[in-house]
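Any read-out appearing in this document is the output of simple, stated calculations on the displayed coordinates, not a laboratory observation. Note that the coordinates shown come from a computational prediction; the quantities given were computed from them, not determined experimentally. When we count neighbours, we look across all protein chains shown, and the Cβ atoms used for this are built from the backbone with ideal geometry, even at glycine.
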Amino acid sequence: MAAPGPHDRPEPLVTGGTGRLPSDDHVHSRFSFDAFDGDLEGTCRRAVELGLPAVSFTEHVDLEPWSAPPGGWDWPEGVRGSVDGHGRFLAAPLEVQAYVAEVERCRHLFADLTIRLGIELDAGHRHRDEVADLLRRQGFDRIVGSIHALPDLTASGEFLEVDPAYHQREAVDVVLTYLAEARDMIASDVPFDVLGHLDYPLRHWPVDRPVPWAELEEPVRDTLSRLAGSGRALEVNTSLPLDLRVVRWWREEGGRTVSFGSDAHSPAELARSFREVAPAVEALGFAPAADPTQLWRRT
Ligand SMILES: [Zn+2]
Ligand SMILES: [Zn+2]
């Protein structure tokens with residue numbers, strides 16, 4: 001029998017528990033370069049319809065250019081950014097003032113919903129001066145730290161998005177390199193609260209191959225242990241969603257808090273799979289805090 005693939009769950013999904021939906025703490029709107037269907041007001045309205053206690057907008061802050069993939073750039077229409085003379089793509093910068101104004105407007109429209117002003121900070125440890133400058137100008141309620149690109153093996157000092165990185169490395173090495181990058185970010189003093197989508201490389205894992213979890217367990221546990229030591233939270237990103245054995249390992253390695261994030265790029269994707277994933281996470285030993293807008297804690 002083949003080993004479990006990325007979509008197989010080793011832990012049974014359990015219904016019951018408190019039955020409460022968590023906040024969605026990883027959401028994009030049109031202020032992110034790749035969320036052209038994003039709609040901040042529409043997302044807030046959807047959050048109220050779903051009964052979410054809070055929503056955290058985590059708009060992209062991507063500070064480094066990415067090398068062109070082997071076939072050239074093929075972004076969907078509507079993606080905002082620029083390609084330089086070396087073929088590298090740089091995402092359009094976050095329009096901070098317009099973003100803050102739109103969040104403020106929606107806080108007035110949806111007075112009973114907690115709306116957090118956040119960012120998803122890409123590889124902040126490699127851009128500490130720019131991050132410090134941004135945070136001097138604007139404070140944020142939530143910072144998700146994440147990695148989207150790995151060192152480009154054909155161009156020293158450059159970075160290649162994870163999907164095309166599979167052309168340069170063995171599949172398992174993409175994941176191992178990603179974990180090493182995450183550990184570097186965790187070890188840095190770059191301010192972020194939550195480690196986003198630790199399973200990001202698995203979004204692009206070859207569909208015809210099982211994920212070698214036995215080989216990945218030790219480096220994943222090591223990464224989780226260091227994250228727990230840093231006092232930060234682990235995100236249960238529901239885009240794939242995150243394999244539940246990673247949540248179990250997180251608890252076993254001392255993790256104290258989890259964040260739930262749909263990584264929605266449109267209102268319709270808000271809180272995707274939360275009704276299935278949240279009870280399963282609860283069964284693994286995490287539960288809502290007394291204040292339902294806050295991160296879930298270990299029980
Ligand atoms: Zn991301
Ligand atoms: Zn995201």
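Listing for the model above:
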| item | result |
| --- | --- |
| Count of residues meeting criterion [more than 16 Å from ligand 1 (Cβ to nearest atom), within 30 Å of Ala132 (Cα to Cα) and assigned to a helix (DSSP H, G or I)] in segment 187-218 | 1 |
| Set Val220, Val194, Val172, Val190: member being within 25 Å of Ala68 (Cβ to Cβ) and either basic (Lys, Arg) or in contact (Cβ under 8 Å) with a residue 12 or more places away in the chain (or both) | Val172 |
| Pick from segment 110-162, criterion among the basic types (Lys, Arg) and within 16 Å of the chain's Cα centre (by Cα), ranking: nearest to ligand 2 (Cβ to nearest atom) | Arg142 |
| In segment 219-252, the residues that are part of a loop (DSSP other than H, G, I, E, B) and either buried (at least 19 other Cβ atoms within 10 Å of the Cβ) or of a type in the set (Ser, Thr, Tyr) (or both) | Arg232, Thr238, Ser239, Pro241, Leu242, Asp243 |
| Residue satisfying all of: in segment 185-217; among the charged types (D, E, K, R) and surrounded by 14 or more Cβ atoms within 10 Å (Cβ to Cβ); nearest to Asp163 (Cα to Cα) among these | Arg203 |
| Subset of segment 93-130 (residues that are touching a Gly at 6+ places or on another chain (Cβ under 9 Å) and within 16 Å of ligand 1 (Cβ to nearest atom)) | Glu120, Leu121, Asp122, Ala123, Gly124, His125 |
| Every pair of residues 6+ apart whose Cβ atoms lie under 6 Å, when the first sits in segment 273-299 and is at positive phi while the second is surrounded by 20 or more Cβ atoms within 10 Å (Cβ to Cβ) and not basic (Lys, Arg) | Ser273/Thr238; Ser273/Pro241 |
| Looking only at segment 77-123, and only at residues there that are in a helix (DSSP H, G or I), hydrophobic (A, V, I, L, M, F, W, C) and without any contact (Cβ under 8 Å) to a residue 60 or more places away in the chain, the one that is nearest to Glu161 (Cα to Cα) | Val96 |
| Any hit, segment 124-138, residues being in a loop (DSSP other than H, G, I, E, B), surrounded by 19 or more Cβ atoms within 10 Å (Cβ to Cβ) and touching a helix residue (DSSP H, G or I) at 6+ places or on another chain (Cβ under 9 Å) | no |
| Per-region count, segment 148-164, residues under 12 Å from Val175 (Cα atoms), in contact with a Lys or Arg (Cβ under 9 Å, 6 or more places away or on another chain) and outside any strand (DSSP E or B) | 2 |
| Cross-chain or 6+ apart pairs with Cβ under 6 Å, segment 23-34 first and without any contact (Cβ under 8 Å) to a residue 60 or more places away in the chain, then in a strand (DSSP E or B) and away from ligand 1 (no atom under 14 Å from the Cβ) | Phe33/Gly81 |
| Residues satisfying the stated conditions in segment 262-285, i.e. touching a helix residue (DSSP H, G or I) at 6+ places or on another chain (Cβ under 7 Å), among the hydrophobic types (A, V, I, L, M, F, W, C) and away from ligand 2 (no atom under 16 Å from the Cβ) | Ala280, Val281, Leu284 |
